[in-house]
Amino acid sequence: MANIIVVGAQWGDEGKGKLIDILAQDADYIVRYQGGNNAGHTVVVSDEEIILHLIPSGILHRGKKCIIGNGVVLDPQALLEEIDTLRLKGIEVDSNLLISDQAHLIFPYHKILDRIKESKGSFRIGTTGRGIGPCYVDKIARCGIRLADLLDTDVFKEKLKFNINEKNKLFKRLYKTKGVSFNSIFKQYIDFRNQISKYVSDTPRILNSAISSGKSLLFEGAQGTLLDIDFGTYPYVTSSNATAGGACTGTGISPTRIDRIIGVVKAYTTRVGEGPFPTQLPKALMNKIRDRGREFGATTGRPRKCGWFDVIIVKHSVLVNGLDEIAVMKLDVLDDLRDIKVCIGYEYKGKFFKNFPANIELLNKCKPVYKTFKGWFKDTANIKEYKKLPSEAKDYLKGLSDLVGAEINIISVGSNRSQTIYK
Ligand code: IMP
């Protein structure tokens, strides 16, 4: 089978978890390449909902190797909690999980910094508060601590001392708050190390030899293109490359070894946290879509803002990810709407924009220009074949495909694995 990247083409929460779970059946390795436990991938198996934050969803399939790549930032406490939850459900983790020794570690001071920054009104991003951004800051500033460092007690001690010393000065002098204790964090992380060292591996070597011996890899993107640090609605983004390129830098696999990239979209749009959202719905309709689509964050439980499908942002995703195809999730959520709008451009200061702008002011203040599709007003949740979809639903899908310039081969009409239509 091919090596496939699955990437979110909107602001995250597109339903990647379900798609990964389906594609994992044919993959040998399922690989996370960026982000951390800010992600929340929901999978429904036999009517039971399982939410994974760090471990690739492939773990739910017996015998699949699951890799946490070097591009991921790892909170060991969150990892151990997730492992425990999976074990309680009878899911085997130990023989299937491998973690890159180059992955950076999240420490309590990262979470504190995340919360302090979020409490400073003007730069509020609406983060998940998991310490993701501050951990990537240390990575880029070259003072981060990786799993390889944790395995060497002397190196770990020295690096942790340096970091805590620096952060405590920041906490006390700049933020006027109390610092953290070296001794307790050191002890706690040595204890974590004793529990997770068995998973730590040279994952780029393992993955490259797997490809050479004919195995197939499925790369599980987290968040989405519009939350990408380079291509998203900066600064209202996460701190990693959620786009397809991140799958290579976040795992040590060359772009030449990737065969297929699938973008995942919802049939409408959602977003959590702060930042521009041009197609946001008026309150009553937003509440209706939110309830039908159960649009509440899988990690923080926050209600997601809902909006019409935005062609401009998905076209941007098609471009920067090199997408030939998109999977459309949650089509059924639109089942009882008379009219369905799709944003085909932005109007700002008398000008029409049909491409994604870097200017955040424009995105904040623009007026979306809509094309209206006729609703199908029929239940699609039990439809298994494309040809059996109502003609208006097929028109809608064809319209989306033409407008964004990518094929639609997979359509989801419910959370169960079986509620999937392959065109
Ligand atoms: P952070 O990743 O916690 O730093 O949050 C930065 C932004 O990304 C915030 O707007 C979050 O709401 C958003 N975000 C992070 N992870 C996810 C996700 O898995 N789904 C949707 N939004 C996310």
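Details
- Under 5 Å between amide hydrogens, built in the peptide plane, is the criterion, and for LEU337 it picks out TRP376, PHE377 among residues at least 5 positions away or on other chains.
- For the chain, the convex hull spanned by the alpha carbon atoms encloses 138 Å³ per residue.
- Taking the charge dipole of the chain about its Cα centre, with +1 at Lys and Arg Cβ atoms and -1 at Asp and Glu Cβ atoms, the residue from PRO282, PHE186, VAL237 reaching farthest to the positive side is PRO282.
- Built amide H within the under 5 Å cut-off of VAL73, gap 5+: GLY35, GLY36
- Centroid-to-centroid separation of segment 80-99 and segment 228-279 [C-alpha atoms, Å]: 27
- Each residue of segment 24-36 was assigned a 3J(HN,Hα) from its phi angle through the Karplus curve 6.51 cos²θ - 1.76 cosθ + 1.60 (θ = phi - 60°); the sequence is 4, 4, 9, 9, 9, 10, 10, 10, 8, 10, 7, x, x Hz, with glycine and proline shown as x.
- Rolling a 1.4 Å probe over the protein heavy atoms gives the chain an accessible area of 42 Å² per residue.
- Among the protein heavy atoms of the chain, carbon and sulfur supply 50% of the accessible surface, probe 1.4 Å, non-protein parts ignored.
- Gyration tensor verdict on segment 158-295 (Cα atoms; rounded if a/c is under 1.5, prolate if a/b is larger than b/c, oblate otherwise): oblate
- Highest-fluctuation residue, ARG290, ARG115, ARG142 considered, GNM on the chain with Cα pairs under 10 Å: ARG142
- Helix-only arithmetic for the chain: the sum of -39500 (n - 2.57) across DSSP H runs with n ≥ 4, divided by the residue total, places the mean residue ellipticity at 222 nm at -9500 deg cm²/dmol.
- For the options VAL180, VAL43, VAL314, a Gaussian network treatment of the chain with springs between C-alpha atoms closer than 10 Å singles out VAL180 as fluctuating the most.
- Sorting LEU285, LEU334 by accessible area puts them as LEU285, LEU334; the probe is 1.4 Å, largest comes first, and only protein heavy atoms count.
- Percentage relative contact order, the chain, counting C-alpha pairs under 8 Å, at least six apart: 20
- Across segment 240-255, coupling constants 3J(HN,Hα) worked out from phi with the 6.51/-1.76/1.60 Karplus curve, θ = phi - 60°, read 9, 8, 7, 6, 4, x, x, 5, 7, 5, x, 9, x, 10, 6, x Hz, and Gly and Pro carry x.
- Of the beta bridges in segment 265-422, as assigned by DSSP with both residues counted there, near 70 percent are antiparallel.
- Cross-link pairs LYS167/LYS305; LYS351/LYS371; LYS139/LYS330; LYS89/LYS330; LYS120/LYS172; LYS16/LYS315 - those with Cα-Cα distance over 25 Å: LYS167/LYS305; LYS139/LYS330; LYS89/LYS330
- Segment 265-422, relative contact order [Cα under 8 Å, separation at least 6], %: 26
- Length-normalised contact order for segment 1-43 - Cα pairs under 8 Å, 6+ apart - percent: 47
- With an a/c value of 1.5 or above and a/b larger than b/c for the gyration tensor axes a ≥ b ≥ c computed over the alpha-carbon atoms, segment 265-422 is described as prolate.
- Rounded FRET efficiency, nearest 0.05, which uses the C-beta distance separating SER212 from ILE360 and R0 of 45 Å: 0.55
- Computed from the Cβ-Cβ distance with R0 of 35 Å, the FRET efficiency linking ASN183 to ILE140 stands at 0.80.
- For MET329, distant residues with modelled amide H under 5 Å away: VAL265, LYS266, ALA267, SER412
- Label zone of LYS169 (point 7 Å out along Cα→Cβ, amide N under 17 Å): in segment 119-144 this covers 138, 141-144.
- Cα-based helix-to-principal-axis angle, 182-196 vs the chain, degrees rounded to 10: 70
- A full extension of the chain between ALA2 and LYS423 corresponds to an added length of 149.7 nm, given 0.36 nm per residue minus the alpha carbon distance.
- Heavy-atom SASA rank of ASP395, ASP154 (probe 1.4 Å, accessible area, largest first): ASP154, ASP395
- Modelled FRET efficiency - R0 25 Å, LYS349 with ASN287, Cβ distances, 0.05 increments: 0.20
- Table column - 3J(HN,Hα) (Hz), segment 42-51, Karplus curve with 6.51, -1.76, 1.60, x for Gly and Pro: 9, 10, 10, 10, 6, 6, 9, 8, 10, 10
The values are calculated or read from the model by the stated rules, or taken from the named source; none is laboratory data. The shown structure was predicted, so the numbers you read here are calculated from the model rather than taken from an experiment. Ideal geometry is used to build each Cβ from the backbone, glycine not excepted, and the neighbour counts take in all protein chains shown. The protein model used for the area step is the full one, side chains on, heavy atoms only, and it has no ligands, DNA or RNA in it. Shrake-Rupley method; radii C 1.70, N 1.55, O 1.52, S 1.80 Å.
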